[in-house]
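One structure is given here, and the rest of the page talks about it.
The values are calculated or read from the model by the stated rules, or taken from the named source; none is laboratory data. Keep in mind that this is a model prediction, so the values were computed, not measured. When we count neighbours, we look across all protein chains shown, and the Cβ atoms used for this are built from the backbone with ideal geometry, even at glycine.
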Amino acid sequence: MTAALTARGLTKRYGATTALQDVALEVGAGELVGLLGPNGAGKSTLVKIACGLVRATAGAAEVAGAPAGSMAARSATGYLAELFRFPGWARADEVLTLHQRLARSRGGGEERERLLARVGLAGEGRRKVETMSKGMQQRLGIAQALIGSPQLVLLDEPTSALDPAGRRTVRDLLVELRGQGIGVLLNSHLLSEIELVCDRVVIVDRGRVVAEGRPQELTAPGGVEIETAAGVRRLPDARREDVPALVRELVAAGEEVYGVRVVSGTLEDAYLAAVVGRDG
C-alpha cells in the first residue's frame with residue numbers, strides 16, 4: 001500500500017540558514033506518527049513542504065505517491081495549522097462549505113454534518129465562530145482538515161486549546177482515522193498525548209532527525225519497585241522478566257509483598273535525552 005507521506009533526503013536552506021538537512025521520514029497508510037522537536041527545529045518547514053507551500057532545496061517528498069505540491073498531492077492532504085483563524089461572522093456550516101469548494105469536495109451537507117458530529121459539534125452548524133469557545137473552534141478546524149477524505153492529515157497542535165474531554169474526543173477520532181487507512185502526522189508539544197495515541201515518534205532537532213521509533217522503544221527501562229511490609233524496595237537494574245524470581249525470593253525470606261511496579265522512562269525523558277542531551 002502506498003505510504004501517506006514519504007520524504008527522502010529532504011533539505012531546505014534559507015540563505016545561510018539550513019532548516020532541514022537530509023531528512024528521511026515516512027507516514028504509512030493508517031499510521032499515526034508524532035513529530036516532536038523544539039521551536040525552530042524544522043518541523044513547520046517539513047509540514048509546509050508536505051503541503052506544497054514551500055519547495056525543498058534538495059531531496060523529495062511525496063503524498064500518496066504524488067510529488068508534494070502537485071494537484072494530486074494537495075487533493076490527498078488535509079491540514080490544520082497551529083495559528084488558524086476563521087471569520088468570526090461565519091457560521092460553522094459556512095466555514096466547511098468554503099473549504100469544500102477549495103478542496104473541490106462534492107460531499108455537500110451530508111459531509112458537513114458528518115464531520116461536525118465526528119468532532120463533537122453535532123447540531124452546531126448554524127453557530128457563528130465568534131460565539132464558539134477556543135476549544136470548539138479547534139474542533140471545527142479539525143473537521144475542516146478532514147474534508148474530501150484525505151489520505152494524509154497534517155495536524156499542528158490540534159489539542160492545545162482543548163479540555164480533557166475534548167482531547168479524548170480528538171484521540172478517539174485519530175484512532176478512527178487509523179482504522180480507515182488515513183495517515184496522520186501529528187505535531188504537538190503535549191508529549192503525553194503523543195505517547196497515548198501515536199504508533200511511532202520522530203524527533204527533529206536543528207533540521208535533522210535525531211531519534212525515531214515506537215514510543216515504547218524510545219523509553220528506557222527504569223527498574224522494578226516492590227512494596228513490602230518493610231517499605232518500597234527499588235531495584236534500578238531489574239527488568240520485567242526478573243519480577244517472578246524477585247518475588248519468590250522475598251516471600252521465601254519471609255517478606256510480605258503488597259505490590260510490584262515495573263518502572264519505565266517516559267517519552268519526555270527520551271525527548272530530553274535526544275534534544276537537550278545533544279547540547280551536553
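Values computed for the structure shown
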quantity	calculated
Residue match in the stretch 221-228 (condition: without any contact (Cβ under 8 Å) to a residue 40 or more places away in the chain, in contact with a Lys or Arg (Cβ under 9 Å, 6 or more places away or on another chain) and surrounded by fewer than 15 Cβ atoms within 10 Å (Cβ to Cβ))	yes
Which listed residue is modelled with pLDDT of 80 or more, closer than 26 Å to VAL202 by Cα, touching an Asp or Glu at 6+ places or on another chain (Cβ under 7 Å) and hydrophobic (A, V, I, L, M, F, W, C), from VAL224, VAL232, VAL275	VAL275
ARG55 vs. criteria surrounded by fewer than 14 Cβ atoms within 10 Å (Cβ to Cβ) and basic (Lys, Arg)	yes
Some residue of the stretch 83-94 being surrounded by fewer than 22 Cβ atoms within 10 Å (Cβ to Cβ) and closer than 16 Å to VAL153 by Cβ	yes
Per-region count, the stretch 63-98, residues in a helix (DSSP H, G or I) and either of a type outside the set (Lys, Arg) or within 21 Å of GLY125 (Cα to Cα) (or both)	11
Scope the stretch 1-40; condition in a loop (DSSP other than H, G, I, E, B), among the hydrophobic types (A, V, I, L, M, F, W, C) and under 16 Å from the mean Cα position of the chain (by Cα); matching residues	ALA4, ALA29
Only one of ARG178, ARG139, ARG171 that is charged (D, E, K, R), buried (at least 21 other Cβ atoms within 10 Å of the Cβ) and under 17 Å from the mean Cα position of the chain (by Cα)	ARG139
Looking only at the stretch 191-220, and only at residues there that are assigned to a strand (DSSP E or B) and not β-branched (Val, Ile, Thr), the one that is surrounded by the fewest Cβ atoms within 10 Å (Cβ to Cβ)	GLY213
Restricting the stretch 255-272 to residues that are at pLDDT 80 or above and of a type in the set (Ser, Thr, Tyr), the residue that is surrounded by the fewest Cβ atoms within 10 Å (Cβ to Cβ)	TYR258
